[in-house]
Amino acid sequence: MNESIHSASDLAVLDRQFVSLRRELAQKGLSLSLWGPAGRISDEQDATPGPCQLLGGPDGPCRQTAKQTAMRVFCERSPVKTVADDGPVVLGVPVYERRKLVAAAVVCYWPHEALGEEALHRLCDHRGLDYQAVTRLIDNTGLHSIDHADDLLWMLEQLVRTTLALHVATDDLDEMSGNLATTYEELSLVYRISGTMKLTEKPSRFLQHEMCQGLLDVLGVASIVAVVYGRSPGEEQEELTIAGELPLERSALEQLAKRAATQLNGQHLGLVENQIVSLPPHERGRLERFVAVPMPGDERPSGLLLALNKADGEFDSVDVKLMRAVANQAAVFLTNHRLYADLKALVIGVLDALTASIDAKDPYTCGHSRRVAIISRRLAEECGLSSYHAERVYLAGLLHDIGKIGVPESILGKPGRLSDEEFEVMRQHPGTSAKILNGIRQLDDVVPGVLTHHERMDGRGYPQGLQGEEIPLEGRIIGLADCFDALTSDRVYRKAPLLDYAIREIRKSAGSQLDPMLVDRLLSLDLVAFLIELREATADYQAVDSQEQGVT
């Protein structure tokens, strides 16, 4: 018997599954109630058909016989029929959940054999009812015969089974729909993250906006934390990336991350604590539960991903599975981004060394290409270009004079004015630069700026004689950067003039040689601080040059 006992709340939940059936049976003169094994009842009084409500009453023969019938169902574990003399017919069938007897469904009705004129008069007198009113109610409701009891018992058994099966199917469908919705959200998140894994994306932005915020929305947690480790154990750990509201102090979070990493110890599965043991009580704050999964790496994890305080219960294997999928994507992104950054640094380093070697042909232009590149990038940023576009402008500025590799040193270092023939040779270097770079597909977008940095707004520049907006923005930017560095640096034929003089010359050239919009952007900067920055950026060139001159 004990295996069938359910709590009152469980019985109430079960009873709600029979609301529709109860009301349908009431329209047929049949009263349905649900009984627990200890005699507890859960029924809906307003659905009780008229004869049972009036003639049975709360303590009348309907209730008493129904209770007895329910107890017989629990004892015999099979359908039961009770026919009382001059009373109601009561039918009971067992209600099973997962093969356990949990309740008895009991139907009561008054047969017309028990409600003859004499018997009905006695009942009405006994209960103080109006005979005519009860007669009209019986006529409107309809009565069943005692002979119908077996058929009604079979029907009740089938209806109970069908009702239970329908609700099981409905619950399964609801659960499946919920799982499908959750799976869709998870797949959408993974797909969305995959679509944003661009090598040019900054890791901090990717981790914050795409990964952490996305997980925060899908998992329904208080906060998501991403920890990215240095490339080697000796490197300092990068700053934490946090989405949502932390339930504990940042220092405690850092300790939690370290302890979780130690517990994981190279495992790729994950750590779940629905009851916190990794932190002492005074450090937990409002932290109730968390999940930690590693971001895998080649020799050691590249980071750690944590989810803190799930809103709707405990963390489970589904949550861990999703976090592992996202952590794996983050690890791939970080690995690729580091490789890309290494390759980019290598290329820039090689190009920097190449342009430095060209600048070194003239001791007065040491560091010129790097300074032009830095000035060009700053102007590009001031114009609102994207960080990627600004870096490409930097590269164009770095390579703008690479064509001077074909210009004799006697011309590059000549202290006086160039002859017409020498100037014609010098005029060839933008075209030579473009020819050198044209064979490198990855630098296609750099070539226009390199080729046109000596064009003028009035059309009197070279090599193509372009004017105004015909000159690419990159060319106009590098042209101004080249001019500014020339006016603020030492040359073989003069020392660097005062900054005020350089500013006056640049203003004078706005509109004729230089783009006036770019001139305004340049002159709006703190030029004194900017010049210091430029000198510091090329200090290594100056030091090497000084050493070489001393040796000479």
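The values are calculated or read from the model by the stated rules, or taken from the named source; none is laboratory data. None of these values were measured; they are calculated from a predicted model. A quick note on method: Cβ atoms are made from the backbone with ideal geometry, for glycine too, and the neighbour counts reach across all protein chains shown.
Some points to look at:
- Matching residues in region 80-112 - criterion: being in a strand (DSSP E or B) and closer than 12 Å to A149 by Cβ: V80, K81, T82, V83, V89, V90, L91, G92, V107, C108, Y109, P111
- I276 fulfils the conditions (1) buried (at least 16 other Cβ atoms within 10 Å of the Cβ); (2) out of contact with any strand residue (DSSP E or B) (no Cβ under 7 Å at 6 or more places or on another chain); (3) in a helix (DSSP H, G or I) except for a single criterion, (3).
- The number of residues in region 70-90 that are within 18 Å of K100 (Cβ to Cβ) and among the hydroxyl-bearing types (S, T, Y) comes to 1.
- Only residues that are assigned to a helix (DSSP H, G or I), surrounded by fewer than 21 Cβ atoms within 10 Å (Cβ to Cβ) and either in contact with an Asp or Glu (Cβ under 7 Å, 6 or more places away or on another chain) or acidic (D, E) (or both) were counted in region 441-464, giving 1.
- Across region 367-410, the number of residues qualifying as crowded, with 16+ Cβ neighbours inside 10 Å, over 42 Å from the mean Cα position of the chain (by Cα) and under 18 Å from M426 (Cα atoms) comes to 8.
- Any hit, region 291-313, residues being modelled with pLDDT of 90 or more, in a loop (DSSP other than H, G, I, E, B), over 17 Å from the mean Cα position of the chain (by Cα) and acidic (D, E): no
- K67 falls short on exactly one of the conditions (1) out of contact with any Phe, Trp or Tyr (no Cβ under 9 Å at 6 or more places or on another chain); (2) charged (D, E, K, R); (3) modelled with pLDDT of 75 or more, and that condition is (1).
- If the condition is being touching an Asp or Glu at 6+ places or on another chain (Cβ under 6 Å) and within 15 Å of L32 (Cα to Cα), then region 64-113 contributes P79, V93.
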